[in-house]
1. State the Kirkwood hydrodynamic radius of the range 116-169 in Å, one decimal place, computed from all pairs of distinct Cα atoms.
2. May I ask you to evaluate 6.51 cos²θ - 1.76 cosθ + 1.60, the Karplus curve with θ = phi - 60°, for each residue of the range 44-52 and list the ³J(HN,Hα) values in order in whole Hz, giving x for glycine and proline?
3. Modelled label-to-label distance, Lys65 and Ser31, 7 Å Cα→beta-carbon offset: nm?
4. Label Ser109 and Lys171 with points 7 Å out from Cα along Cα→Cβ: what is the distance between them in nm?
Amino acid sequence: MNPNDHQEQFVRNLTNCQPTLYSYILSLLPSREDANDVLQDVNLVLWRRSKEYKSGTNFTAWAYKIARFKVLAHHRDRHRDRHIFDDRLFATLADQAERRAADDDGTASLLDDCLDELPIKQRELIRERYTPGGSVKEIARRLGQSAAALSVSLSRIRQTLLDCVNRKTSKRDGGEAAPFNSGPGGTQ
């Protein structure tokens with residue numbers, strides 16, 4: 001696989017796993033703010049280690065393992081908080097979530113299909129947003145639009161992708177499938 005294909009597949013996998021990765025982290029932390037902070041840290045580590053990911057393996061399970069260590073570090077850094085889980089409970093919760101990730105239901109390939117269905121400009125915008133230096137502010141500046149307008153556009157594209165994955169999941173499963181939750185307050 002050439003480097004561009006590897007990077008594109010990595011971005012697709014990273015985008016696809018955001019809702020479940022956020023849910024996993026949130027299940028191990030006491031607040032959404034903490035979960036959001038840890039998710040950002042995990043995404044940064046995943047990106048920095050992207051060349052270590054072996055294509056064809058379970059990306060979500062790999063991301064969960066990194067998230068688990070980041071959550072442990074977060075707990076360690078906030079050890080004074082009396083609402084922290086003990087190590088055994090944390091390990092049990094993390095193990096259960098990782099087993100669920102290992103039972104990936106094929107949504108990554110559905111997301112790939114949905115990304116391919118997007119108009120080229122939208123697909124490129126998503127790709128640009130989820131590559132290094134792809135901040136909303138920087139992309140908006142380059143495109144000559146406000147960050148707020150770009151955020152709305154990205155949110156709509158992510159919602160389109162989520163709807164597409166839900167539709168394809170339902171069709172694949174032969175009926176009504178439970179919709180994917182996109183995290184706090186809508187799409188990520």
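Computed from the coordinates by the stated procedures, all read-outs in this text should not be read as laboratory data. Just so we're clear, the structure is a prediction, and the values are computed from it rather than from any experiment. Reconstructed Cβ throughout: ideal geometry from the backbone, glycine too, with neighbour counts over all protein chains shown.
1. On the way: mean 1/r = 0.0859 Å⁻¹.
By the Kirkwood definition, the hydrodynamic radius is 11.6 Å.
2. 5, 5, 4, 5, 5, 9, 4, 5, 7
3. The modelled label-to-label distance comes out at 3.2 nm.
4. 1.5
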